[in-house]
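Worksheet: the structure to be examined is printed underneath.
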Amino acid sequence: MNIRIKRENIGGIIFAPSSKSFTQRYVLYSAFSNKPVRLNNVSFSEDEIISMKIAEKCNAVIEYDRKNMRIVPDFRCPENMYVGESGTSYRLSIGLLCARNCQTSITGEPSLARRPVDTLISALSDAGSRFNKKEDGFYAVDGRGASSTPVEIDGSVSSQYVSSMLFYYSILGGGSFRALNTVSGGYLKITENCLANFGVKVEEDDGRYQIINQKCPEKTVDIEGDYSSASYFIVLGIFTGNIIIKNLNYMSLQPDRNIVELINNATGSVKPVSQGIEIRKADHINRIIVDAAVSPDMAPVISVIGIFSEEGVQIYNYQRLREKESDRFMGIVNMCRSFGAKVTVNDSCIYIKKGRNLFPDYMEYSDHRMTMSSIIAGVIAGSDTEFGKCESINKSYPEFLNDLKKIGVDIYFDANLF
């Protein structure tokens, strides 16, 4: 699906979609733990749907009511499991399958098979599970030897490894392990919050985790709005103003909630309103510094600010960006230079600042975050760019284009391109 955009007067109210980080954890843990749960305000992005299909593959019944759902689990080990392109569902499911003593062959999209998972496999092997790497790059899991033996795991590549181990020991009834060098610790807080709602207590001291299971009645959980998705409209708003984003928890555990402080420190343009935030046009943008090791999903959209900013954006630990759905490091460099920005890369950071205004004829990314970031750059620039592979946005934000239309952006699809 290809689109072109035409910017009119920007302004209006949108509602942030559900946080897929929360949804996937609740759906998967419910299915594997045999603990039912009710979830409200689900947006049904592709990654969320993948977790639901995994739950159904494990014999759970999912009752749907518009944007709400109830998961009624009755766990059975699946012979095979498809994880799509969802790194979260893939890594969490590996630990859960092992804890359930399953023999399961995992398959998914080739791009996901290339993303690292060996550290998690090694830790679970130390605890007694066995794995066979298949020709497609995914694993056949044999969890019949799984035990609650304490292990160590390196969390420097992904916090999802540590979250998977938290799920693993909980399903086994409790236990302890040690995590070293963990990045993106905010996502672990989301995992711990999820487990707490299922009656699981997590204690942590200097990377040493103790998991204690407790009884808990069925819970109803309102899935909060996603700051990663809201970030595109936050960035747009500092150049246009007049945007209100509802359905956001101002005190959220989400790591990408830090975009509010990041943008406010540079512009002072974001303020809380009832159940959300308001973004006003910035009079001035100070230099922005972001750490990709802490918030890797924020780097593409934050880089857009650099394209149009005199003081620019610095992104540290950009090596982390090579291990996402695509090589986001190269994607960012390509996108920013295509719009005329000055991009400097050294061993420590990427530095992006305003250069000459360019209007690329065509841009295409298979990565949902790069696609949405480039579209936001096009809206700010007022360019006549054609954007390809826009179906990729369904992975995390299926209503993205509709929300752009709500605030005054005209969208022209395929045959109707002007």
Near pairs, Cβ below 9 angstrom, 6+ apart or cross-chain, from region 281-304 (closer than 23 Å to Gly155 by Cα) to any residue that is in a helix (DSSP H, G or I) and among the aromatic types (Phe, Trp, Tyr): Ala292/Tyr318; Ala292/Phe329; Met298/Tyr227; Ala299/Tyr318; Ala299/Phe329
Out of all the residues in region 119-161, which are over 24 Å from Lys189 (Cα atoms) and either at pLDDT below 95 or in contact with a helix residue (DSSP H, G or I) (Cβ under 7 Å, 6 or more places away or on another chain) (or both)? Ser129, Phe131, Asp136, Gly137, Phe138, Tyr139, Val141, Gly143, Ala146
Which one of Leu404, Leu321 is at pLDDT below 95, buried (at least 19 other Cβ atoms within 10 Å of the Cβ), within 26 Å of Tyr227 (Cα to Cα) and not small (Gly, Ala, Ser)? Leu321
What pairs can you find where one residue is in region 335-357 and under 17 Å from Ile375 (Cα atoms), the other is of a type in the set (D, E, K, R) and part of a strand (DSSP E or B), and their Cβ atoms are less than 7 Å apart, with a gap of 6+ or different chains? Ala341/Lys353
Which one is modelled with the lowest pLDDT among residues in region 294-306 that are outside any loop (DSSP other than H, G, I, E, B) and farther than 12 Å from Met370 by Cβ? Pro296
Scan region 196-213 and report the pairs whose first residue is under 20 Å from Val37 (Cβ atoms) and in the same structural domain as Phe167 (by TED's automatic domain parsing) and whose second residue is in a helix (DSSP H, G or I) and aromatic (Phe, Trp, Tyr), with Cβ atoms within less than 7 Å and a gap of 6+ or a chain change. Phe198/Tyr29; Ile211/Tyr169
Is region 143-156 home to any residue that is among the hydroxyl-bearing types (Ser, Thr, Tyr), under 25 Å from Ser303 (Cβ atoms) and out of contact with any Lys or Arg (no Cβ under 9 Å at 6 or more places or on another chain)? yes
Could you check region 1-63 for strands (runs of 3 or more DSSP E) lying wholly inside it with 3 or more residues that are among the β-branched types (Val, Ile, Thr) and within 23 Å of the chain's Cα centre (by Cα)? none
Kindly establish whether Leu166 is touching a Ser or Thr at 6+ places or on another chain (Cβ under 6 Å) and either modelled with pLDDT of 95 or more or assigned to a helix (DSSP H, G or I) (or both). yes
Could you count how many residues in region 253-283 are surrounded by fewer than 19 Cβ atoms within 10 Å (Cβ to Cβ) and either polar (S, T, N, Q) or touching a strand residue (DSSP E or B) at 6+ places or on another chain (Cβ under 7 Å) (or both)? 8
Are any residues in region 102-118 in contact with a helix residue (DSSP H, G or I) (Cβ under 7 Å, 6 or more places away or on another chain) and assigned to a helix (DSSP H, G or I), and if so, which ones? Leu112
Filtering region 187-211 down to residues that are among the polar types (S, T, N, Q) and within 12 Å of Phe22 (Cβ to Cβ), which residue is surrounded by the most Cβ atoms within 10 Å (Cβ to Cβ)? Thr191
Matching residues in region 119-136 - criterion: being part of a loop (DSSP other than H, G, I, E, B) and surrounded by fewer than 15 Cβ atoms within 10 Å (Cβ to Cβ): Lys134, Glu135, Asp136
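The rows are residues; the columns are (1) under 17 Å from Leu195 (Cα atoms); (2) assigned by TED's automatic domain parsing to the domain that holds Glu364; (3) in contact with a strand residue (DSSP E or B) (Cβ under 6 Å, 6 or more places away or on another chain).
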position: Gly11; (1), (2), (3): no, yes, no
position: Gln24; (1), (2), (3): yes, no, no
position: Ser30; (1), (2), (3): yes, no, yes
position: Ser33; (1), (2), (3): yes, no, no
position: Asp47; (1), (2), (3): no, no, no
Looking for something over 30 Å from Ile49 (Cβ atoms), touching a strand residue (DSSP E or B) at 6+ places or on another chain (Cβ under 9 Å) and surrounded by 23 or more Cβ atoms within 10 Å (Cβ to Cβ) - is there at least one such residue anywhere in region 350-367? yes
Might you let me know whether region 232-255 holds any residue that is of a type in the set (D, E, K, R), over 20 Å from Val379 (Cβ atoms) and in contact with a helix residue (DSSP H, G or I) (Cβ under 8 Å, 6 or more places away or on another chain)? no
Here is a list: Ser326, Ser309. Which entry is at pLDDT below 95 and not in a helix (DSSP H, G or I)? Ser326
Could you pull out the residue among Ile380, Ile376 that is hydrophobic (A, V, I, L, M, F, W, C), surrounded by fewer than 22 Cβ atoms within 10 Å (Cβ to Cβ) and on the phi < 0 side of the Ramachandran plot? Ile380
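Residue under question is Val290, and the condition is that it be under 18 Å from Val183 (Cα atoms) and part of a loop (DSSP other than H, G, I, E, B); does it hold? Steps first, please.
Working: under 18 Å from Val183 (Cα atoms): yes; part of a loop (DSSP other than H, G, I, E, B): no.
Against the criterion (under 18 Å from Val183 (Cα atoms) and part of a loop (DSSP other than H, G, I, E, B)), Val290 does not qualify.
A quick yes/no check of all residues on (1) charged (D, E, K, R); (2) surrounded by fewer than 17 Cβ atoms within 10 Å (Cβ to Cβ); (3) closer than 28 Å to Arg115 by Cα:
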site	(1), (2), (3)
Arg25	yes, no, yes
Arg38	yes, no, no
Ala55	no, no, yes
Pro73	no, no, no
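The values are calculated or read from the model by the stated rules, or taken from the named source; none is laboratory data. Fair warning: this is a prediction, and the values are worked out from it, not measured in the lab. All Cβ positions, even for glycine, are placed from backbone atoms using ideal geometry, and neighbour counts span all protein chains on display.
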